[in-house]
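Visitor: Attaching a single structure in structure tokens format; questions to follow.
The values are calculated or read from the model by the stated rules, or taken from the named source; none is laboratory data. Quantities reported herein were computed from a predicted structural model and do not represent experimental measurements. Ideal geometry is used to build each Cβ from the backbone, glycine not excepted, and the neighbour counts take in all protein chains shown.
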Amino acid sequence: MPAGDTHDWWERGSTWLLLGLVFALPFAFAPIPPLTDLPGHVGRYAVMLDGGQSATLSQWYRYSMAPVGNLGVDLVVLALAPHVGLLATVKWTVLAIPPLTVTGFWAVARQVHGRLHPFTLLAIPFVTGHHFIFGFVNFALGIALAFWVFWLWIRLDGRGWLRALLIVPLSLIVYFSHVYAWGVLGLMVGSHQLMRHRAQGAGWIAAAWKAGMDCLPLCLPLAQLVFWRAGASAEIAYWADLKTKGMFLVAPLRDRWLLADVYLFTVPLLALYLAARRKGVRFDGELALPAGIMFLVFLLLPRIVFGSNYADMRIYQFALALGLLAIVAAGKRDERREALFAWGILGLLAVRVGLLAASGAIATRDQRDAIALIEPLPQGTRLLQLTLPDCGNIWALPRSGHLGAFNVALNDGFSNDQWKMGGANGLEISHLPAGEWQNDPSQVTKHAPCGRKDTRPFEWSMANFPRAAFDNVLVVGEMPVEPSPDLRPVAGRGSMTLFEVDR
């Protein structure tokens with residue numbers, strides 16, 4: 001920031017950096033951030049780092065590193081974990097994502113607008129929204145990088161060759177972090193260029209053509225994308241899953257408590273409404289058009305693309321954030337009113353952080369309980385996890401679905417929670433005696449009156465899993481039925497019970 005800067009406190013990069021750090025804090029008190037899929041990722045990282053050296057791990061898992069668009073945190077772990085440890089690397093890498101993304105928001109908005117309206121602060125909660133709590137860490141890291149690359153693109157406007165030389169390798173970095181993040185970068189850059197050419201007097205068709213040509217430095221990953229998907233699953237599914245998409249519309253801040261998560265979301269919605277109606281604020285087209293196109297993509301995109309779930313939901317989070325970053329004052333600024341808005345929004349952000357902290361404390365307790373039960377198991381233990389749904393709070397994002405993966409990371413053991421993604425994550429699973437209990441979602445069960453339709457009833461799973469394929473069973477949730485005599489309780493913590501399979 002230049003000397004003598006007179007920007008208000010909510011416009012300063014130091015404020016946004018501090019807020020990014022504060023939004024990371026609720027996830028900092030567990031061995032790894034308590035996110036739904038993250039323990040599963042840690043299990044995969046353990047196999048990757050082992051490189052086939054463990055006699056037990058190599059019985060069931062093989063990791064083949066390949067240049068695919070889903071490697072963001074994997075590459076950081078590969079570089080740092082041998083020196084600082086697996087769990088520490090994962091923890092600090094994931095905790096760095098919120099401040100990196102929040103400051104990227106600030107950089108883009110400041111570059112486009114010069115002065116920031118307090119409503120732009122409302123974009124910050126989406127950084128640790130639905131996608132982050134779900135544990136989509138490669139995507140989240142890719143998005144953070146995408147916003148910084150987008151900032152650089154705008155910053156270097158008019159310096160075509162220099163911009164192209166820098167953007168080509170940077171777009172590859174975003175792509176290899178996550179292909180969806182690269183797609184978001186392309187949408188942001190293309191839409192931004194379209195508005196620039198329109199502002200210079202070009203018609204829509206001419207502006208679209210010129211914008212497409214401008215985006216060529218971003219297109220090198222296309223060749224690798226075709227090569228990658230040619231040899232892997234190209235599953236695209238749930239084109240018309242309107243029920244789930246409707247839920248996503250109101251759930252970008254979904255965590256644990258429905259009323260709090262939805263009510264907090266109404267404030268950003270109100271800001272977007274006021275900007276659309278030009279009630280003291282308006283949208284700046286350079287960011288509003290990319291936000292609108294991203295929202296349209298969310299509406300049209302299926303839920304599963306290239307085998308990765310929730311493709312549409314991920315983009316929706318950042319369509320909303322970009323729309324909020326596009327808000328500027330309409331007409332002369334009212335500094336007193338803006339200051340009141342800023343302090344009110346700061347209070348709202350504090351409430352959101354408090355809710356994240358309370359929810360994170362519950363998830364941290366569960367994670368510590370699971371590690372306390374799993375860590376003492378012998379090396380090479382074959383663990384079956386069975387997780388019961390929380391029928392008392394079906395809104396809550398369950399964060400315990402992959403806790404069994406700590407057995408892979410800590411004991412060179414097997415867990416049935418790892419997922420197959422058709423070449424998207426490099427992990428191959430082969431534990432044939434386990435049959436249908438080899439991989440995700442076999443660890444997720446249902447029990448009347450709730451649970452996922454694509455999962456098995458808990459009672460059926462307890463009765464029918466192949467005993468010869470597993471040494472122990474970790475039940476997550478309150479047991480609704482008595483276990484069979486061949487399952488001997490070993491230990492319990494909180495709502496978790498560990499059983500030994502008697503044979």
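Visitor: Within segment 82-98, how many residues are more than 14 Å from the chain's Cα centre (by Cα) and either within 30 Å of residue 10 (Cα to Cα) or not in a helix (DSSP H, G or I) (or both)?
Guide: Matching residues across segment 82-98 total 3.
To keep it simple, each residue is scored yes or no on (1) more than 20 Å from the chain's Cα centre (by Cα); (2) on the phi < 0 side of the Ramachandran plot; (3) at pLDDT below 95.
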residue: 100; (1), (2), (3): no, yes, no
residue: 122; (1), (2), (3): no, yes, no
residue: 141; (1), (2), (3): no, yes, no
residue: 145; (1), (2), (3): no, yes, no
residue: 157; (1), (2), (3): yes, yes, yes
residue: 180; (1), (2), (3): no, yes, yes
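Visitor: Also, I was wondering about something else. If you scan segment 247-279, which residues turn out to be in contact (Cβ under 8 Å) with a residue 40 or more places away in the chain, under 22 Å from residue 390 (Cβ atoms) and assigned to a helix (DSSP H, G or I)?
Guide: Those that are in contact (Cβ under 8 Å) with a residue 40 or more places away in the chain, under 22 Å from residue 390 (Cβ atoms) and assigned to a helix (DSSP H, G or I): 248, 258, 260, 261, 264.
Visitor: Mind listing just one residue for me: the one in segment 1-55 that is in a loop (DSSP other than H, G, I, E, B) and of a type in the set (A, V, I, L, M, F, W, C) and, of those, surrounded by the fewest Cβ atoms within 10 Å (Cβ to Cβ)?
Guide: 3
Visitor: Please go through (1) under 22 Å from residue 276 (Cα atoms); (2) among the aliphatic types (A, V, I, L, M); (3) in contact (Cβ under 8 Å) with a residue 60 or more places away in the chain; (4) in contact with a helix residue (DSSP H, G or I) (Cβ under 6 Å, 6 or more places away or on another chain) for residue 319 and return the number of the only condition it doesn't satisfy.
Guide: Here residue 319 meets the rest and fails (3).
Visitor: Let me ask something additional. Only one of 46, 109 is closer than 28 Å to residue 368 by Cα, of a type in the set (Gly, Ala, Ser) and in contact (Cβ under 8 Å) with a residue 24 or more places away in the chain. Can you tell me which? Show your work before the answer.
Guide: On the way: 109 fails: closer than 28 Å to residue 368 by Cα.
Testing whether each residue is closer than 28 Å to residue 368 by Cα, of a type in the set (Gly, Ala, Ser) and in contact (Cβ under 8 Å) with a residue 24 or more places away in the chain leaves just 46.
Visitor: Identify all residues within segment 57-70 that are in a loop (DSSP other than H, G, I, E, B) and surrounded by fewer than 23 Cβ atoms within 10 Å (Cβ to Cβ); write none if there are none.
Guide: Those that are in a loop (DSSP other than H, G, I, E, B) and surrounded by fewer than 23 Cβ atoms within 10 Å (Cβ to Cβ): 64, 65, 66, 67.
Visitor: I've got another one for you. Against the condition surrounded by fewer than 17 Cβ atoms within 10 Å (Cβ to Cβ), closer than 30 Å to residue 9 by Cβ and hydrophobic (A, V, I, L, M, F, W, C), how does residue 339 come out, does it pass?
Guide: Values: surrounded by fewer than 17 Cβ atoms within 10 Å (Cβ to Cβ): yes; closer than 30 Å to residue 9 by Cβ: yes; hydrophobic (A, V, I, L, M, F, W, C): yes.
Taking the combined requirement at face value, the residue satisfies it.
Visitor: May I ask you to list the residues in segment 377-409 that are assigned to a loop (DSSP other than H, G, I, E, B) and under 26 Å from residue 51 (Cβ atoms)? Give the derivation first.
Guide: Restricting attention to segment 377-409, the residues satisfying the condition of being assigned to a loop (DSSP other than H, G, I, E, B) are 377-381, 388-402.
Passing the criteria: 377, 378, 379, 380, 381, 402.
Visitor: Conditions first: (1) surrounded by 15 or more Cβ atoms within 10 Å (Cβ to Cβ); (2) touching a residue at least 60 places away in the same chain (Cβ under 8 Å). Residue 301 passes all but one, so which condition is the exception?
Guide: Here residue 301 meets the rest and fails (2).
Visitor: Filter segment 115-138 for residues that are over 15 Å from residue 15 (Cβ atoms) and of a type in the set (S, T, N, Q) and give the result.
Guide: 128, 138
Visitor: Could you list, ordered by first residue, the pairs with Cβ atoms under 7 Å in which the first is in segment 410-425 and aliphatic (A, V, I, L, M) and the second is in a loop (DSSP other than H, G, I, E, B) and at pLDDT 95 or above, at least 6 apart or interchain?
Guide: 410/375
Visitor: State whether the residues of segment 458-473 include one that is in contact with a Pro (Cβ under 8 Å, 6 or more places away or on another chain) and of a type in the set (Lys, Arg).
Guide: No, segment 458-473 contains no residue that is in contact with a Pro (Cβ under 8 Å, 6 or more places away or on another chain) and of a type in the set (Lys, Arg).
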